[in-house]
Amino acid sequence: MENDSSTKHVVLVTGGTGLVGKGIKYVVENGEKRENESWVFLSSKDADLTDYESTKAVFAKHKPTHVIHLAAKVGGLYGNLRANLEFFRQNMTINDNVLQNAYQNGAQKVVSCLSTCIFPDKTSYPINETMLHKGPPHDSNYGYSYAKRMIDVMNRGYSQDCDCKYTSVIPCNIFGPHDNYNIEDGHVLPGLMHKIYKAKLEGKPLTVWGTGKPLRQFIYSRDLARLMIWTLREYNEPEPIILSVGEEDEISIRNAAEKVAKAMNFTKELIFDTEKADGQYKKTADNSKLRKYLPDFKFTPIDVALKETCDWFVDNYEIARK
Ligand code: NAP
Ligand code: GDP
């Protein structure tokens, strides 16, 4: 998105009320908004994007020049294990509806969101952008993964056949304010925050699910927001780009749980329930493509970002999604 102040840009963010959408809204409202831009953040109340007519109406209403497409059925390991078919169907439908309506309303640029958890399960490490389709994803989330991979196929088509700049980003695990803190269906960090909140009230230890051995890279939603806005404005390849902290910042689930416990001043024992699935052992992502473009980008240190997130959760417990 060139910074030409004479051209009016309407940026439509689908999934604008979720973890990443709220992160982008925060960054836009705290200095990133440009004079010629208007930003629209959609929730499922504005349009059910699984419904073609509803999607068509919301795109016709806003006529976006640019789209950040975040809306998706999203869940943690245990949510995915229970509902692979539903993850596949809803996400396939949402993605087709959004990209087609963006195109029909003349949107020049669309940035959609994939995930490092959709890469082949049997692979070499670190994973890079060229490896997305080279083997089946992990069994636990095959529905979500194949649906997300099809966004890359559609981007190729819209770029080749329709001369559009439709692309995607591949974030690692994300955390921050406004996450889904549901213990059964959400991701590990918000799940641990909620469990610790309860354990503190009940004076009990924390139960971490699985062995604690799997490795993950975690990105703060507000850092990802800054990178996604950069992608919208400056990144012009149809091929995806990994938006992740470096390989050196990968940590074990045990270490992540200890960090959350520290951020929440939780001093009781950590117990590991090894009857529960571990999911993928690791999905170490290579961020060197990003580093080529933005060598000086500074990620918020994880302890600082976790403290901000835990404080937000405790302060907003009543309204938090859980
Ligand atoms: P999230 O917090 O669960 O938010 C999902 C958003 O999508 C909400 O705004 C929700 O609207 C909207 N939505 C869901 N179904 C919809 C529908 N049928 N119609 C319209 N809107 C709908 O998700 P997130 O964590 O921000 O994820 C954003 C993107 O990042 C997703 O594409 C996800 O796949 C990707 N991603 C997430 C992670 C992660 O760790 N969280 C990691 C990698 C990639 P309501 O608020 O109205 O329900
Ligand atoms: P993933 O990164 O896509 O596998 O999804 P998650 O964020 O749900 O899980 C990451 C890892 O955290 C897995 O190895 C889980 O076994 C582990 N884990 C430990 N405790 C929890 C918890 O309370 N909730 C979730 N979702 N995962 C947990």
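The values are calculated or read from the model by the stated rules, or taken from the named source; none is laboratory data. Owing to the predicted nature of the structure, the values given are computational and were not obtained by experimental measurement. Positions of Cβ are backbone-derived with ideal geometry, glycine not excepted, and every protein chain shown enters the neighbour counts. What goes into the accessible areas is simple: the full protein's heavy atoms, side chains included, and nothing from ligands, DNA or RNA. Shrake-Rupley method; radii C 1.70, N 1.55, O 1.52, S 1.80 Å.
Yes/no matrix, rows are residues, columns are (1) open to solvent by less than 30 Å² (accessible area, probe 1.4 Å); (2) touching a residue at least 40 places away in the same chain (Cβ under 8 Å); (3) polar (S, T, N, Q):
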site	(1), (2), (3)
131	yes, no, no
140	yes, yes, yes
162	no, yes, no
165	no, yes, no
183	no, yes, no
191	yes, yes, no
Residue check for residue 227: among the aliphatic types (A, V, I, L, M), assigned to a helix (DSSP H, G or I) and either within 15 Å of ligand 2 (Cβ to nearest atom) or at pLDDT below 95 (or both):
no
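What strands (runs of 3 or more DSSP E), lying completely within region 143-217, carry at least 1 residues that are away from ligand 1 (no atom under 16 Å from the Cβ)? Lay out the reasoning, then the answer.
On the way: elements: 165-171, 173-175, 206-209.
Result: 165-171, 206-209.
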Just the residues that are within 15 Å of ligand 2 (Cβ to nearest atom), among the hydrophobic types (A, V, I, L, M, F, W, C) and open to solvent by 10 Å² or more (accessible area, probe 1.4 Å), please, taken from region 75-120.
77, 81, 83, 113, 117
Residues in region 52-69 that are open to solvent by less than 20 Å² (accessible area, probe 1.4 Å) and within 13 Å of ligand 1 (Cβ to nearest atom): how many?
6
Test residue 299 against the stated conditions and say whether it is at pLDDT 95 or above, assigned to a loop (DSSP other than H, G, I, E, B) and in contact with an Asp or Glu (Cβ under 7 Å, 6 or more places away or on another chain).
yes
Return the residues of region 43-57 that are more than 24 Å from residue 181 (Cβ to Cβ) and free of Cβ contacts under 8 Å to residues at least 40 places away in the same chain; say none if nothing qualifies.
47, 53, 54, 57
(1) in contact (Cβ under 8 Å) with a residue 40 or more places away in the chain; (2) in contact with a Ser or Thr (Cβ under 9 Å, 6 or more places away or on another chain); (3) of a type in the set (Ser, Thr, Tyr): which one isn't true of residue 145, the others all being true?
(1)
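Any chance region 271-286 includes a residue that's without any contact (Cβ under 8 Å) to a residue 12 or more places away in the chain, of a type outside the set (D, E, K, R) and within 14 Å of ligand 1 (Cβ to nearest atom)?
The first filter runs over region 271-286 and keeps only residues without any contact (Cβ under 8 Å) to a residue 12 or more places away in the chain, leaving 275.
Then keep just the ones that are of a type outside the set (D, E, K, R); that gives none.
No; the residues of region 271-286 include none that is without any contact (Cβ under 8 Å) to a residue 12 or more places away in the chain, of a type outside the set (D, E, K, R) and within 14 Å of ligand 1 (Cβ to nearest atom).
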Within the bounds of region 258-280, is there any residue that is away from ligand 2 (no atom under 16 Å from the Cβ), among the acidic types (Asp, Glu) and under 20 Å from residue 116 (Cα atoms)?
no
Hey, does region 15-25 have a residue that's open to solvent by 10 Å² or more (accessible area, probe 1.4 Å), hydrophobic (A, V, I, L, M, F, W, C), out of contact with any Phe, Trp or Tyr (no Cβ under 9 Å at 6 or more places or on another chain) and modelled with pLDDT of 95 or more?
yes
For the subset of region 26-42 comprising residues that are free of Cβ contacts under 8 Å to residues at least 24 places away in the same chain and in a helix (DSSP H, G or I), which member is least open to solvent (accessible area, probe 1.4 Å)?
31
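Restricting attention to region 238-265, which residues are assigned to a loop (DSSP other than H, G, I, E, B) and either more than 16 Å from ligand 1 (Cβ to nearest atom) or among the hydroxyl-bearing types (Ser, Thr, Tyr) (or both)?
238, 239, 244, 246, 264, 265
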Condition first: of a type in the set (D, E, K, R) and either touching a Pro at 6+ places or on another chain (Cβ under 7 Å) or under 29 Å from residue 160 (Cβ atoms) (or both). Can you find one or more residues in region 38-47 that meet it?
no
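Hey, among 246, 176, 203, which residue is open to solvent by 30 Å² or more (accessible area, probe 1.4 Å), more than 9 Å from ligand 2 (Cβ to nearest atom) and small (Gly, Ala, Ser)? Break it down into steps so the answer makes sense when it comes.
Working: 246 fails: open to solvent by 30 Å² or more (accessible area, probe 1.4 Å); 176 fails: open to solvent by 30 Å² or more (accessible area, probe 1.4 Å).
Just one listed residue meets the conditions, 203.
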